[in-house]
Amino acid sequence: MAEGEHTVITKIPRERLNQIAGRRLASLALPVRLAADRETLEGELLFSMRVAHPATGQPLLRARFAVEGHDRLRFLEPPLSALPPVPFYDCERSSALEQRVGEALAARVALLTAQAARLRALRLDVTADPERLAARAVVKTPTHAFELLGGEEGIRVARVAPVGGRPFEIPPGFPPLRIEDHGSASDLEFHLARMVPELEEAARPGATPAARPAAAGAGPLEATPPPRNALTVGQVARAFGEACVLSPGAPVEVVQEYQFGGTHYRFAAVREVGTLFKGRLIGPAGEVWSDKFDLAHFPGTAQVVAAALGAAPEEASPVPGAPLAPAGGDPVPQHLLPHAGEVWAMKVVVESRGPDEVRYVGTDIDGRPYGAARVLKRADFEAVFTRAGTGWQLLLIVDQVQGDQVLYRQLDAQRQPLGAPRRMATAVLAANFVPEAAAY
């Protein structure tokens, strides 16, 4: 990019994500509109196939949704509001999306059935909450009653009622229970009684998760060995072979524990659908990090935990020099990733062109101006932008893609490369450019 152009957007704008999502949903015959906040896209899915309410068995006819990011639907009304966001971008027809919703609902029911079985194994009385799609049980001790809820994040303490005192709610970010560690109801009761001070602290207004430890002097990030009787992923792969597949409707949760700076952390990843997982890193005071990821772009548990805690990469990565995944933030959508040899274009509209400066504004994927105007010296502008019909554009060719960076060269008016290759973050490219084939 030319010197002086220092207002480059480093995050894909919400408007562009909405346009990407809106176009895709329109191809599925699902019209959307802006919600009251003027930012969120909303719409309604009309079911043409049978998707039944898990509690009543009655067919669901319609479901209101909001768009998350550019490729997921979050349903706004029960029972589907209990589901994690459902990916839609790779669906070719609305019937495929309906089927995916049905599979997600079946997976949630299977998860709750398994959680209810765990609780009943401790001789607890378990009921189902049909609206929240949660398994519910109450554990009573001489001093407290603990409401346990099973859901997407595991089985957690949702509410505590002291005998003779005022009940208090536990925020969802508080670490879930490890029911498998308790062999009897009395063991679980004793564990919950010891947790009361932590639960009271978590419920205190204004309570926040503990700060991340500083990497300097904190020591290495160490993976905690699994319990002696635990079933590991390695054991499953050795027994059945790596070519075996998991049932698409079966719940999957992967857990790994770590020690860092004298503090215990737990990484958990729950499958939402297909190869899409939601990962969480939980410390003593609650959630430290959470994000969704696809297995195809997941660099490894140790790398992600290291990035979230600020540990040095070489202390955590089993492969020296392996890249770290960002802790949170919006990854570049798969279909916006560049490829070597592609030409990308930044199309702009010139608002004013004086003898010394040019004022211009970027355009969206439909060619409409959006965002704040930028100003460049006229010589700098004309050195990098070329005429394109009634507007202007900057062209570049991608030489290499290296992780989250691209090596590129600018093209002149004759589409010849200018100068030596330069480096740019992939997120910056996707936020400011589009593939030339999609720019017209």
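The values are calculated or read from the model by the stated rules, or taken from the named source; none is laboratory data. Predicted model only: the values in this text are computed from it and were never measured. Glycine gets a Cβ as well: all are built from the backbone with ideal geometry, and neighbour counts include every protein chain shown.
Among the residues of the stretch 395-411, just one is surrounded by fewer than 13 Cβ atoms within 10 Å (Cβ to Cβ) and out of contact with any Pro (no Cβ under 8 Å at 6 or more places or on another chain), namely Gln402.
Listed by position, the strands (runs of 3 or more DSSP E) contained in the stretch 1-84 that have at least 2 residues being out of contact with any Phe, Trp or Tyr (no Cβ under 7 Å at 6 or more places or on another chain), under 24 Å from Thr426 (Cβ atoms) and at pLDDT 85 or above are 62-68. Being within 22 Å of Gln256 (Cα to Cα) and touching a residue at least 40 places away in the same chain (Cβ under 8 Å) is a description that applies to Arg118. Cβ contacts < 9 Å: first residue within 18 Å of Ala145 (Cα to Cα), restricted to the stretch 170-192; second residue at pLDDT 85 or above and among the hydroxyl-bearing types (Ser, Thr, Tyr), any location; separation 6+ or different chain. Result? Going by the 9 Å Cβ cut-off, the qualifying pairs are Glu189/Thr141; Phe190/Thr141; Leu192/Thr141.
Determine whether the stretch 202-219 contains at least one residue that is out of contact with any Leu (no Cβ under 6 Å at 6 or more places or on another chain), closer than 27 Å to Ala117 by Cβ and modelled with pLDDT of 75 or more. No, every residue in the stretch 202-219 fails to be out of contact with any Leu (no Cβ under 6 Å at 6 or more places or on another chain), closer than 27 Å to Ala117 by Cβ and modelled with pLDDT of 75 or more. Quick one: is Leu111 more than 23 Å from Pro31 (Cα to Cα), aliphatic (A, V, I, L, M) and within 21 Å of the chain's Cα centre (by Cα)? It is true that Leu111 is more than 23 Å from Pro31 (Cα to Cα), aliphatic (A, V, I, L, M) and within 21 Å of the chain's Cα centre (by Cα).
Applying the selection to the stretch 149-167, what residues are of a type outside the set (A, V, I, L, M) and loosely packed, with under 15 Cβ neighbours inside 10 Å? Correct list: Pro162, Gly164, Gly165, Arg166, Pro167. Against the numbered list (1) part of a strand (DSSP E or B); (2) over 26 Å from Asp291 (Cα atoms), Arg156 comes up short only at (2).
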